[in-house]
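Accompanying notes for the structure given below.
The values are calculated or read from the model by the stated rules, or taken from the named source; none is laboratory data. Keep in mind it's a predicted model, so treat the numbers as computed, not measured. Reconstructed Cβ throughout: ideal geometry from the backbone, glycine too, with neighbour counts over all protein chains shown.
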Amino acid sequence: MNEALKQWMPLVNSLLSRLSIHPNEQDECRQAALLRLWKSIEEGKVMTVTFARIRAKGAMLDYLATRNRTLAGEVAVETLPELPVSSKSRLSTYSTN
């Protein structure tokens, strides 16, 4: 891991606990925050504590919002009612020979 990112790990970890993110989602949120901080460093932004906190927190919340929208869409697709079977197709399966 880049030395510039290592100095921001305590801030990212404190945001994880402060936002009460579920333990199952902490790794993904941590990665999202570090990725956003890394992009900011690569763009040459001045990394103050306030700027890093806003960027990391925003990345975590963006990840969670995207994940929730995806899950809501998946649940909606899984709970669609089944199409009724027409009586014509039911009768065609029984032959009266």
Test: residue in the range 26-33 that is aliphatic (A, V, I, L, M) and modelled with pLDDT of 90 or more: yes
Whichever residue in the range 49-97 is at pLDDT below 95 and of a type in the set (Lys, Arg) and, among such residues, is surrounded by the most Cβ atoms within 10 Å (Cβ to Cβ): ARG67
